[in-house]
Amino acid sequence: MTSLLETEDETLLRDSARGFLSEASPVSALRANRDQGRAFDPALWREMAQMGWTGVLVPEEQGGADMGHRAAGILAEEMGTVLAASPFISTAVIAATALRGSGNGGLEKIASGDAIYAVAVDEGAKHAPLKTALKAEKSGNGFRLSGAKTFVADGASADRVLVLARTAGAAGEADGLTLFDIDATRAGLQRDVTGTVDSRDHARFTFDGLEATGEDVVGELDNGLATLRHGLQAGQAALAAELTGLSGGAYAMTVSYLKERQQFGRTIGSFQALQHRAAHLWSEIEVTASAVINAGRMLDEAPDQATLAVSVAKARATATAKLAVMEGVQMHGGIGMTDEFDMGFFMKRARVGAEWLGDYGYHAAQVAAARGF
Amino acid sequence: MTDEPTELSSFREDIAKWITENCPESLRKRPIDEDSIVWGGRNWTFKHEDQRAWMESAIARGMTAPRWPTTYGGAGLSRAEEKIFREEMTRLKAPSPLESFGLWMLGPALLAFGTEEQKLHFLPQITRGEIRWCQGYSEPGAGSDLASVQTRAEDKGDHWLVNGSKIWTSYADKADWIFALVRTDRDAPKHLGISFMLIDMTSPGVTTKPIRLISGKSPFCETFFDNVKVPKSYGEGIPSQVGEINRGWDVAKHLLTHEREMISGGAQGLLGGRSTGEFLGNLDADTLADPVIRSQAMELEVDTLAFGMTLDRYKDQAQSGRGVGNASAMLKYYGTEINKRRYELLMSASGSEGAEWDSPYGSLAAEWLRTKANSIEGGTSEVMLDIIAKRVLELPSK
């Protein structure tokens, strides 16, 4: 495998992403979005499209930049550092990866920024694709979809939805699942915004006999998990990268505060109790960063063997982000608790990111299975 | 490996052939353990004649120190070639022909700080396994605060008069020479009065005493210097200290970085046959179903894998020439803490059987106890965190 060191191209990409986001989407932009009641800024999304970010995983023939998963991870990481909100992971990572190679026409619109995709998988409070019970019953030449999905990221903003439905078998089985690509405004789909702590767009979907045709099916009938799996893994790796960027952002704020804040006539960063905790946090971030890079490399170079790498990354990133935001609030003291200060935004996004696409336990169990116990 | 450049893949073929032809079959069949290590030195006795043959073949080709220049007894390999050599050694189950503190520590220090004459004098004796070295850093009164060394070397004109004692000197009772930190200027600030001195262990006044640990027998010793006369020079251009007088701390710091990388790298090597997954996979279903053991095992596995990737990344960084610097403190801290966690888990997973000195799991209990020293030796975890806080995070001291 290619070395885990960043290549020159990757450093260039990171620098340009960082430069752009620090101007276009500092943490204050998230605050503004929240205060205006919107999940993200459509103008920011258009700019991301113009820079080729929405097409980061779309082949060049379909108008994409085709930069690969490690590049997508670098972008997600930089977004995480400043908490830039956008449907990047849903659309440009998960949907683009799932649709790639399926012959579906949605990729051009993803690359051009003209289609926002949401991915509707989970039906309970925990990520569990196998537990899909939402039914797609045969009806004439097509299907009728009935059931509910929850925690659909970017669900209210989406133009289109990838929905995992059961065409055969029972909840808990891997076979019998089919992936549909449908217009988000189609009759029979009701979307309700849930209002999550991170101020982003998460929705509950109710399908009431929504009509779908064979043309809406992505990949093979009854084998939808195979189609979606790479997309989910790509999303997990990108989310791990976002959470690592988030950890780095919270860490940077905290360490600079430790260097400024005076108490008892001393800079608080001189207290060994805080120094050791900060040093430990830095160590955790370093180790997690390696797992995130490795996951991106595996998805680019050996995608069929990437499960372990992706789950190590998502588990680590989840745990590290939790540590970073908890230390962030604690070391800032009272000001860390105020809404006026930004640290709370990091904590809220870390909590949602911890659950989305599989929590620590989900991924740790994947690791254990891959390691034979 | 498939897209390896031609010159490297032919090196790989060549070196594999050389290993196969020179490392006797008998050595490649036995497990690699304490008994298979060849330390060399004046008093060395080989456990098997085949070990001698293998060491001598390696010496002839410079392969006991693959990266050192050929002038000093090395093989002058590039980083990439050395990596291939190590890979082929592992693949062919060949044990290292020679290990020593000279190869690991003194050699690198001499290469960085020694005079040309010192290198020509000492390095070949190391590569040929003639002189076995030990390290004299810690003192009973100077543990973590290494720079507060009290062992004194007084200037007596043509020689130094050394008095004091060292502790945790691994294999001092078996070593021929010691590289030690001694105080040569008592009035200078503590970091500036230290010299890095090379002392013959057969000098009158040097004595050693082994230390028994909670895990049982150990290679550690106490070493005492009682009016030991150390010549100022071992020949033309061969001073008895490495680097300048009173600047030994620079050499020591350089070496400590090496040592930390070694220990953290060893965190993986130490796994040996005891990878968490493998170990747990062999346990009965009831133990494995214990939710606490299971969840600890999963977390440990996640962290171990991520740490392994970090070692790879830092190794690549070191090899790219960019260096790792003070971040090596993190590798040492993290690697040793993980290893302690691993052994706590294995002990609790193996239950009462694991508490037997001679258990179905071999020497698990002794290994478990020994891991407690991992986060003490070579700089405690707390010292590592201090280094990270001050040098990497640049947190203020007041």
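The values are calculated or read from the model by the stated rules, or taken from the named source; none is laboratory data. Please read these numbers as outputs of a predicted model, since none were measured by experiment. Cβ: placed from backbone, ideal geometry, glycine included. Neighbour counts: every protein chain shown. The area values use the complete protein model at the heavy-atom level, side chains included, leaving out ligands, DNA and RNA. Shrake-Rupley method; radii C 1.70, N 1.55, O 1.52, S 1.80 Å.
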Of all residues in segment B:319-332 being without any contact (Cβ under 8 Å) to a residue 60 or more places away in the chain and either surrounded by 15 or more Cβ atoms within 10 Å (Cβ to Cβ) or facing another protein chain (nearest Cβ under 9 Å) (or both), which is farthest from residue A:276 (Cα to Cα)? B:320
Name every residue in segment A:29-43 that is surrounded by fewer than 18 Cβ atoms within 10 Å (Cβ to Cβ) and free of Cβ contacts under 8 Å to residues at least 60 places away in the same chain, in order of residue number. A:32, A:35, A:36, A:37, A:38, A:42, A:43
I'd like to check something: does segment B:209-220 contain any residue that is open to solvent by 20 Å² or more (accessible area, probe 1.4 Å), part of a helix (DSSP H, G or I) and closer than 23 Å to residue B:125 by Cα? no
Pairs where the first residue, in segment B:56-84, is in a loop (DSSP other than H, G, I, E, B) and the second is crowded, with 20+ Cβ neighbours inside 10 Å and of a type in the set (Phe, Trp, Tyr), C-beta under 7 Å, 6+ apart: B:66/B:85; B:74/B:68; B:77/B:85
Within segment B:279-316, restricting attention to residues that are at the interface with chain A (Cβ under 7 Å from one of its Cβ atoms) and either modelled with pLDDT under 85 or not in a helix (DSSP H, G or I) (or both), which residue is nearest to the chain's Cα centre (by Cα)? B:316
Looking at the structure I just gave you, is residue B:172 touching a residue at least 12 places away in the same chain (Cβ under 8 Å), closer than 19 Å to residue B:100 by Cα and out of contact with any Leu (no Cβ under 7 Å at 6 or more places or on another chain)? yes
Residue that is part of a loop (DSSP other than H, G, I, E, B), among the β-branched types (Val, Ile, Thr) and on the phi < 0 side of the Ramachandran plot, where the choices are B:126, B:131: B:131
Specify the residue that is farthest from the other protein chains (Cβ to nearest Cβ); the eligible residues are those in segment B:367-398 that are of a type in the set (Gly, Ala, Ser) and surrounded by 17 or more Cβ atoms within 10 Å (Cβ to Cβ). B:373
Does segment B:2-17 include one or more residues that are touching a Leu at 6+ places or on another chain (Cβ under 9 Å) and either polar (S, T, N, Q) or not in a helix (DSSP H, G or I) (or both)? no
Considering every residue within segment B:334-344, establish whether at least one is at the interface with chain A (Cβ under 9 Å from one of its Cβ atoms), hydroxyl-bearing (Ser, Thr, Tyr) and outside any helix (DSSP H, G or I). no
Just one of A:165, A:203, A:184 is touching a residue at least 40 places away in the same chain (Cβ under 8 Å), surrounded by 15 or more Cβ atoms within 10 Å (Cβ to Cβ) and farther than 20 Å from residue A:124 by Cβ; which is it? A:184
What residue, of A:295, A:319, A:315, is open to solvent by less than 20 Å² (accessible area, probe 1.4 Å), without any contact (Cβ under 8 Å) to a residue 60 or more places away in the chain and within 13 Å of another protein chain (Cβ to nearest Cβ)? A:315
Filter segment A:332-364 for residues that are within 14 Å of another protein chain (Cβ to nearest Cβ) and open to solvent by 10 Å² or more (accessible area, probe 1.4 Å); which is farthest from the chain's Cα centre (by Cα)? A:361
Does residue A:189 qualify as being aliphatic (A, V, I, L, M) and closer than 20 Å to residue A:128 by Cβ? no
Of all residues in segment B:368-398, count the ones that are among the acidic types (Asp, Glu) and either closer than 18 Å to residue B:211 by Cβ or not in a helix (DSSP H, G or I) (or both). 2
Being of a type outside the set (Gly, Ala, Ser), under 30 Å from residue A:120 (Cα atoms), over 15 Å from the mean Cα position of the chain (by Cα) and within 8 Å of another protein chain (Cβ to nearest Cβ) narrows it down to one residue among A:287, A:325, A:367; which is it? A:367
Verdict on residue A:2 being open to solvent by 30 Å² or more (accessible area, probe 1.4 Å), within 14 Å of chain B (Cβ to nearest Cβ) and outside any helix (DSSP H, G or I): yes
Selection count where residues are closer than 17 Å to residue B:209 by Cβ and either surrounded by fewer than 16 Cβ atoms within 10 Å (Cβ to Cβ) or not β-branched (Val, Ile, Thr) (or both), scope segment B:142-162: 0
Counting just the residues of segment A:125-148 that are under 20 Å from the mean Cα position of the chain (by Cα) and over 20 Å from residue A:175 (Cβ atoms), which one comes out surrounded by the fewest Cβ atoms within 10 Å (Cβ to Cβ)? A:125
Going by what's in this entry, would residue B:180 be described as open to solvent by less than 20 Å² (accessible area, probe 1.4 Å), in contact (Cβ under 8 Å) with a residue 40 or more places away in the chain and in a strand (DSSP E or B)? yes
Could you say which residue among A:224, A:231, A:245, A:269 is surrounded by 21 or more Cβ atoms within 10 Å (Cβ to Cβ), more than 10 Å from every other protein chain (Cβ to nearest Cβ) and more than 23 Å from residue A:184 (Cα to Cα)? A:245
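Results for (1) within 11 Å of chain B (Cβ to nearest Cβ); (2) buried (at least 24 other Cβ atoms within 10 Å of the Cβ); (3) free of Cβ contacts under 8 Å to residues at least 60 places away in the same chain, shown as yes or no for each residue.
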site: A:237; (1), (2), (3): no, yes, no
site: A:265; (1), (2), (3): yes, no, yes
site: A:291; (1), (2), (3): yes, yes, yes
site: A:305; (1), (2), (3): no, no, yes
